[in-house]
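Trainee: Take this structure first; my questions come after.
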Amino acid sequence: MTLFNRRQAIATLGAATAVGLAAPALAQNRKITVGALRFTSHAGSFVAFERDYFKEAGLDVELRFFEAAQPMAVAIASGDVDYAVTAISGGLVSLAQKGAVKVIGGALQEEQGIDGQKFLVSDAAYQAGITEPGMLDGKSFGMTQAGSSFHYMGAKMAAAEGISLKFKPLQKVGAVIGALKTGQIDAWSIVPHIAKPLAGSGAVHIIGDVATYLPDYQVTTVFTSTKNASDEQEMTKNFLAGYSKGVADYNAAMIAKDGGDAGVDEMVDLIHKYVYTDRPRDKAAPSIINGTMRLNEGAMLNVASVRDQLEWFQSEGLVDADITLETLIDTSYVETMGS
């Protein structure tokens with residue numbers, strides 16, 4: 001059991017109030033599993049885990065890692081994972097329709113003035129003259145699965161440019177990277193901490209920004225099982241309280257740079273335990289820093305962006321046309337923007 005003195009208890013209650021969430025059950029020590037990808041954009045979970053914010057919220061957390069969004073959604077639905085951060089996918093929407101999962105907050109969002117996700121092309125495509133997204137007509141575009149965020153980003157860009165793409169599902173992010181570097185696919189879109197190092201290697205090239213086509217795009221969300229959202233409200237509030245403290249620390253260090261270079265270095269050290277673990281710290285640091293994007297404070301959710309994503313899935317026939325936004329999201333836990 002985790003014990004707190006009076007000062008610690010007051011501090012924890014204050015932190016929970018600061019993010020607009022319920023105060024945690026201090027001595028609960030409830031075991032939960034949190035799903036994640038080894039992306040900088042999942043830093044909120046990493047920081048909350050490393051700095052004991054989940055423990056302060058009465059939760060004993062195990063992190064479980066995945067290689068794509070869809071399997072994580074299935075793990076939430078089956079009860080193998082309690083909470084996770086990932087992009088909205090067609091599979092997640094379908095699980096929501098079955099009453100299995102709910103989006104309960106926002107995680108990563110494109111924001112004006114902050115470097116975001118990039119459109120990339122293979123070196124072969126670049127050398128052939130493809131230097132802008134609008135020049136990709138008829139070319140192949142990598143994705144993990146149909147209905148993934150990669151599919152959505154590519155399709156929205158193509159619609160805006162009046163072009164067509166040949167989407168190629170490759171199941172895992174690593175497989176997409178390999179196919180792009182070897183010219184087996186022509187293009188892809190991905191977060192900057194992956195895009196910039198790939199471009200720096202010369203094997204691929206950045207040709208545009210996702211935010212040009214999807215400003216304020218809610219890239220990833222926080223989600224859980226419908227059962228947790230409806231029947232485990234205290235646990236869910238406690239998770240969001242701990243997670244939101246991790247997000248606040250990340251934004252303060254990497255966006256506001258409140259701690260200066262020392263604060264950035266400390267945050268890079270923490271993230272490196274989970275991201276680019278196969279590289280020495282000095283090699284991983286530039287990629288981690290390049291991947292800096294603001295995470296949603298207090299897990300605020302951009303409802304307008306989620307609505308746009310749902311409507312796109314429906315227009316493509318990837319999910320049923322009668323699924324409502326309320327089936328997918330529960331807005332009772334966090335503040336929202338858009339409508």
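Trainee: Identify the residue in the range 78-130 that is β-branched (Val, Ile, Thr), touching a Gly at 6+ places or on another chain (Cβ under 9 Å) and not in a loop (DSSP other than H, G, I, E, B) and, among all such residues, is modelled with the lowest pLDDT.
Mentor: 86
Trainee: Please state which of the following conditions residue 320 fails to meet, knowing it meets all the rest: (1) charged (D, E, K, R); (2) assigned to a loop (DSSP other than H, G, I, E, B); (3) without any contact (Cβ under 8 Å) to a residue 60 or more places away in the chain.
Mentor: Among (1) charged (D, E, K, R); (2) assigned to a loop (DSSP other than H, G, I, E, B); (3) without any contact (Cβ under 8 Å) to a residue 60 or more places away in the chain, residue 320 violates only (3).
Trainee: Additional query: With respect to residue 61, is the statement that it is open to solvent by less than 60 Å² (accessible area, probe 1.4 Å), closer than 20 Å to residue 231 by Cβ and modelled with pLDDT of 95 or more true?
Mentor: yes
Trainee: Are there strands (runs of 3 or more DSSP E) fully within the range 161-233 with at least 2 residues that are more than 22 Å from the chain's Cα centre (by Cα) and buried (at least 16 other Cβ atoms within 10 Å of the Cβ)? List them.
Mentor: Per the criteria, 204-209.
Trainee: Which one is nearest to residue 211 (Cα to Cα) among residues in the range 293-317 that are charged (D, E, K, R) and not in a loop (DSSP other than H, G, I, E, B)?
Mentor: Per the stated criteria, the residue is 308.
Trainee: Here's another thing I want to ask about it. Please work out if residue 318 is closer than 19 Å to residue 190 by Cα and among the hydrophobic types (A, V, I, L, M, F, W, C).
Mentor: no
Trainee: For residues in the range 130-160 being open to solvent by less than 60 Å² (accessible area, probe 1.4 Å), in contact with a Lys or Arg (Cβ under 9 Å, 6 or more places away or on another chain) and not aromatic (Phe, Trp, Tyr), which is farthest from residue 306 (Cα to Cα)?
Mentor: Looking at the filtered set, the residue picked out is 130.
Trainee: Considering each residue of the range 137-150, count those that are under 26 Å from the mean Cα position of the chain (by Cα) and without any contact (Cβ under 8 Å) to a residue 60 or more places away in the chain, and give that number.
Mentor: So the answer is 5.
Trainee: Let me spell it out: the conditions are (1) open to solvent by 10 Å² or more (accessible area, probe 1.4 Å); (2) under 16 Å from residue 222 (Cα atoms), and residue 43 meets all of them except one. Which number is the exception?
Mentor: Of (1) open to solvent by 10 Å² or more (accessible area, probe 1.4 Å); (2) under 16 Å from residue 222 (Cα atoms), only one is false for residue 43: (1).
Trainee: Residue under question is residue 243, and the condition is that it be in contact (Cβ under 8 Å) with a residue 12 or more places away in the chain, part of a loop (DSSP other than H, G, I, E, B) and of a type in the set (Phe, Trp, Tyr); does it hold?
Mentor: So residue 243 fails the test.
Conditions (1) over 20 Å from residue 41 (Cβ atoms); (2) of a type in the set (Phe, Trp, Tyr); (3) over 18 Å from the mean Cα position of the chain (by Cα); (4) surrounded by fewer than 17 Cβ atoms within 10 Å (Cβ to Cβ), marked per residue:
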residue: 288; (1), (2), (3), (4): no, no, no, no
residue: 293; (1), (2), (3), (4): no, no, no, no
residue: 299; (1), (2), (3), (4): no, no, no, no
residue: 305; (1), (2), (3), (4): no, no, no, no
residue: 318; (1), (2), (3), (4): yes, no, yes, no
residue: 334; (1), (2), (3), (4): no, no, no, no
residue: 339; (1), (2), (3), (4): yes, no, yes, yes
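Trainee: Scan the range 175-220 residue by residue and report those that are of a type in the set (Lys, Arg) and touching a Gly at 6+ places or on another chain (Cβ under 9 Å).
Mentor: Selection gives 196 alone.
Trainee: A further question follows. Quick check on residue 127: is it surrounded by fewer than 18 Cβ atoms within 10 Å (Cβ to Cβ) and not hydrophobic (A, V, I, L, M, F, W, C)?
Mentor: yes
The values are calculated or read from the model by the stated rules, or taken from the named source; none is laboratory data. In this text, all values refer to a predicted model and were calculated from it rather than measured experimentally. Ideal geometry is used to build each Cβ from the backbone, glycine not excepted, and the neighbour counts take in all protein chains shown. Heads up: the accessible areas ignore ligands, DNA and RNA and are worked out on the full protein's heavy atoms, side chains in. Shrake-Rupley method; radii C 1.70, N 1.55, O 1.52, S 1.80 Å.
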